[in-house]
Amino acid sequence: MESSFHIALILDGNRRWAKSRGLPRMLGHRQGIENLKKLLPHFITKGVNEISAYALSTENIAERDATEIRNLFREIERLGNDLELFHKHQIRVKLLGDLKPFPASTKKILVKLVKETAKHQALQLNLALGYGGRDEILRAAAKLAKAGKRINPANFDKALDTAGGRDPDLLIRTGGKQRLSNFLPYQLAYTELYFTEKMWPEFDEKELVKALEWFATQQRNFGK
């Protein structure tokens with residue numbers, strides 16, 4: 001594995017996992033967040049130093065039931081308040097997306113989380129919240145236009161939410177679907193794509209090892 005390794009995650013299947021067990025869908029979201037927390041130390045031990053996790057999309061906020069979205073905001077707050085986890089494992093948090101639709105209490109907790117973890121260096125966790133790839137691209141273009149800067153690759157990279165990071169080496173999507181769902185479309189141009197039938201709450205360290213072993217067999221040529 002390369003010395004710098006970035007995994008993108010589409011955390012799919014939480015609601016279906018709950019439904020298959022006769023549980024409220026909110027418990028699926030909670031289990032999904034708990035599973036992310038559980039796996040973070042394993043990513044570090046496996047040599048991964050950056051993760052981008054698709055936790056809540058712009059489409060989710062616009063189209064899902066208001067009660068479910070309120071509950072999701074509460075679960076995000078629970079994650080943000082777990083500072084002990086981030087300090088213990090030296091995890092730095094960066095936010096991708098637009099927090100405008102978020103409640104003030106949720107934004108406050110997330111901003112504090114970013115500030116409190118800014119100096120950690122073992123792993124960078126990019127939380128995609130209120131994120132949509134097309135929205136990110138439009139916001140980046142608008143930012144450059146407002147600043148009067150030319151739209152070229154160097155400037156555009158700096159205007160994206162992911163500025164300063166490297167493009168993902170590997171995308172893992174759980175839940176059996178084989179699509180990007182508007183996640184990092186610009187950044188995933190040459191990323192290896194790994195799809196698994198496992199629902200996100202079922203994706204454990206053993207499944208992570210399987211994904212990394214599959215990645216190790218891929219010949220990457222970046223279009224050359």
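Rounded to the nearest Hz, the phi-derived 3J(HN,Hα) couplings of the range 168-176 under the Karplus curve 6.51 cos²θ - 1.76 cosθ + 1.60 (θ = phi - 60°) are x, 7, 9, 9, 10, 10, 8, x, x, where x marks glycine and proline. By the beta-carbon count within 10 Å of each Cβ, the least crowded to most crowded order of 191, 174, fewest first, is 191, 174. Across the range 72-84, coupling constants 3J(HN,Hα) worked out from phi with the 6.51/-1.76/1.60 Karplus curve, θ = phi - 60°, read 5, 4, 5, 5, 5, 5, 4, 5, x, 7, 7, 5, 4 Hz, and Gly and Pro carry x. In this simple spin-label approximation, residue 38 and residue 205 carry label points 7 Å from Cα along the Cα→Cβ vector, and these lie 1.2 nm apart. Taking a straight Cα-Cα cut-off under 12 Å and skipping sequence neighbours fewer than 8 places away in the same chain, the aspartates and glutamates within cross-link reach of residue 198 are 12, 207.
Spacing of the modelled spin labels on residue 186 and residue 20, each 7 Å from Cα toward Cβ, amounts to 3.6 nm.
Remark on residue 55: its backbone amide H falls under 5 Å from those of 128, a criterion applied only to residues 5 or more positions apart or on other chains, H modelled at 1.01 Å from N. Taking only the C-alpha atoms of the range 130-181, Rg followed by Dmax gives 13.6, 43 Å.
Just how many % of Cα pairs in the chain lie over 26 Å apart, if you round to the nearest whole percent? Intermediate values should be presented prior to the final figure.
Values: 8821 of 24976 pairs.
Within the chain, distances greater than 26 Å cover 35 percent of Cα pairs.
Counting only aspartates and glutamates at least 8 places from residue 143 when in the same chain, those with an alpha carbon closer than 17 Å to its own are 98, 135, 157, 161.
With Rh defined as the Kirkwood radius, the inverse of the mean 1/r over Cα pairs, the Rg/Rh of the range 1-109 is 0.97.
Kindly put 137, 33 in sequence by how many other C-beta atoms sit within 10 Å of each C-beta, fewest to most.
Values: 137 15, 33 21.
So the ranking, lowest neighbour count to highest, is 137, 33.
Dipole check for the chain: with +1 at the C-beta of Lys and Arg, -1 at the C-beta of Asp and Glu, and the Cα centre as origin, the magnitude is about 540 Debye.
Taking the Cα centroid of the range 46-98 and of the range 196-224, what is the distance between the two, rounded to the nearest whole Å? So the two Cα centres are separated by 22 Å. Rounded to the nearest whole Hz, the Karplus-based 3J(HN,Hα) values (6.51 cos²θ - 1.76 cosθ + 1.60, θ = phi - 60°) of the range 92-107 follow the sequence 8, 10, 10, 9, 10, x, 10, 8, 3, x, 7, x, 4, 5, 5, 4, with x at glycine and proline. Would you be so kind as to identify which of 56, 147, 28 lies farthest towards the positive end of the dipole of the range 6-216, taking Lys and Arg as +1 and Asp and Glu as -1 on Cβ and the Cα centre as origin? Checking the options against the dipole of the range 6-216, the answer is 147. Exposure proxy for 188, 9: other Cβ atoms within 10 Å of each Cβ, ordered fewest to most, give 188, 9. Close amide H contacts of residue 6 (hydrogens built in the peptide plane, cut-off under 5 Å, sequence separation of 5 or more or a different chain): 169, 170.
Take the Cβ-Cβ distance between residue 146 and residue 121 as r, set R0 to 35 Å, and report the resulting FRET efficiency rounded to the nearest 0.05. Can you show the working numbers first?
Numbers: r = 33 Å, r/R0 = 0.94.
Step by step, r from the Cβ atoms, then E = 0.60.
Pairs from the list 19/206; 119/149; 88/112; 119/158 with a Cα-Cα gap above 19 Å: 19/206; 119/149; 119/158.
Since every read-out is calculated from the coordinates, none of them should be taken as a lab result. Note that the structure is a prediction, hence the values are computed from the model and not measured. FYI the Cβ positions are ideal-geometry reconstructions off the backbone, even for glycines, and counts take in every protein chain you see.
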